[in-house]
Amino acid sequence: LADSPEAPTEELSGAIGQGDGFLRFLERAGVGGQDRTAVAKIVGRYMDLAEIEPGTRIDLVLGARGNRNSARPLESVSFRARLDLALKLTRGADGLVVEAQTIAVDSTPLRITGTIDHGIYNSARAAGAPIEAIEAYLEILDSQGKLDGAGPGDEFDMIVAMERAETGETRIGSLLYAGLKRGGKHKMQMLQWKGRWFE
């Protein structure tokens, strides 16, 4: 065949990579400049495009084009813009129309306590503590001169910022509180406030 026929629509799905951006992703997917501008204008009413994080999954549907030298028109694009917001843009008679879904998010911090058995790191991991929180906890212990003194039988106590969306997704934040007990008595109580740690 001199020219093979194209499918009337093309469905694509992918994720924004590290060092990439939302509009760059759309361009690589084949979305034309006019459609990218329209999408940027609509999404920009809800958030700064730079806030769309790497790893965000995007689903696209591209329509039929007039010729092979032109970009396929964007029929729809949907993605989770933020933990609390999902956006879907669909082409209607008057252009792209947005459907915004607000998602409830619970910001109650996560508290993790346990008894040190085979080292703080392994004991905290067994209790379900995130790696980043454990690393921050160990740094605080070290800065307070408690790292070498903490051993089996001591109790660790940490509070970590966490967001839980009603759709099931979670996002772990920074360590907010680091505590250490020995024999039921506090040996360390450190609280983070505006980026600084206080006893």
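Tell me which of 108, 92, 18 sits at the most positive position along the dipole axis of region 1-139, charges placed on C-beta atoms (Lys, Arg +1; Asp, Glu -1).
About the Cα centre, the residue reaching furthest to the positive side is 92.
Averaged per residue, what accessible surface does the chain expose to a 1.4 Å probe, in Å²? If you can, show how the numbers build up before the last one.
Working: 11870 Å² over 199 residues.
Here the per-residue accessible area is 60 Å².
Given a 1.4 angstrom probe, I'd like the percentage of the accessible area of the chain that is carbon and sulfur, rounded to a whole number. Spell out each step's value before the answer.
Values: 5640 of 11870 Å².
Carbon plus sulfur share of accessible area: 47 percent.
Let's test this: bin the Cα-Cα distances of the chain at 10 Å from zero up to the farthest pair and state each bin's percent.
Values per bin, smallest distances first: 8, 26, 21, 16, 14, 10, 4, 1, 0.
Who wins for biggest fluctuation among 173, 63, 128 in a Gaussian network model of the chain, springs between alpha carbons below 10 Å?
128
Per-residue counts of other Cβ atoms within 10 Å, averaged by peptide: what ranking do you get for 112-122, 20-30, highest first?
On the way: 112-122: 14.5, 20-30: 16.3.
Sorting 112-122, 20-30 by mean packing, highest first, produces 20-30, 112-122.
Counting helices only, and only those DSSP H runs with n ≥ 4, report the 222 nm mean residue ellipticity of the chain as the sum of -39,500 (n - 2.57) divided by its residues, in deg cm²/dmol to the nearest 500.
Working: 4 runs with 38 residues, N = 199.
My calculation for the chain gives -5500 deg cm²/dmol from helical runs alone.
If I fit a long axis through the Cα atoms of helix 131-143 and take the longest principal axis of the Cα atoms of the chain, what angle between them do I get, 0 to 90°, rounded to 10?
Result, in degrees: 40.
To the nearest 20 debye, what is the magnitude of the charge dipole of the chain about its Cα centre, counting +1 on the Cβ of each Lys and Arg and -1 on the Cβ of each Asp and Glu?
Details: 24 positive and 29 negative charges, 64 e Å.
In debye, rounded to 20, the chain gives about 300.
Among 164, 68, 91, which one moves the most in a GNM of the chain with springs linking Cα atoms closer than 10 Å?
Between 164, 68, 91, it is 68 that shows the largest mean-square fluctuation.
Could you give me the radius of gyration and the Dmax of region 30-109, taking only the C-alpha atoms into account and expressing both in angstrom?
14.3, 54
Which residue, 76, 143, 123, has the most motion in a Gaussian network model of the chain that connects Cα atoms within less than 10 Å?
143
For region 27-93, with only Lys/Arg (+1) and Asp/Glu (-1) charged at the beta-carbon, what is the dipole magnitude about the Cα centre, in debye rounded to 20?
On the way: 12 positive and 8 negative charges, 59 e Å.
Computed charge dipole of region 27-93: roughly 280 debye.
The values are calculated or read from the model by the stated rules, or taken from the named source; none is laboratory data. Everything quoted here is computed from the prediction, not taken from an experiment. Note: ideal-geometry Cβ built from the backbone for every residue, glycine included; neighbour counts use all protein chains shown. When the accessible area is computed, the model is the full protein with side chains, heavy atoms only, and any ligands, DNA or RNA have been set aside. Shrake-Rupley method; radii C 1.70, N 1.55, O 1.52, S 1.80 Å.
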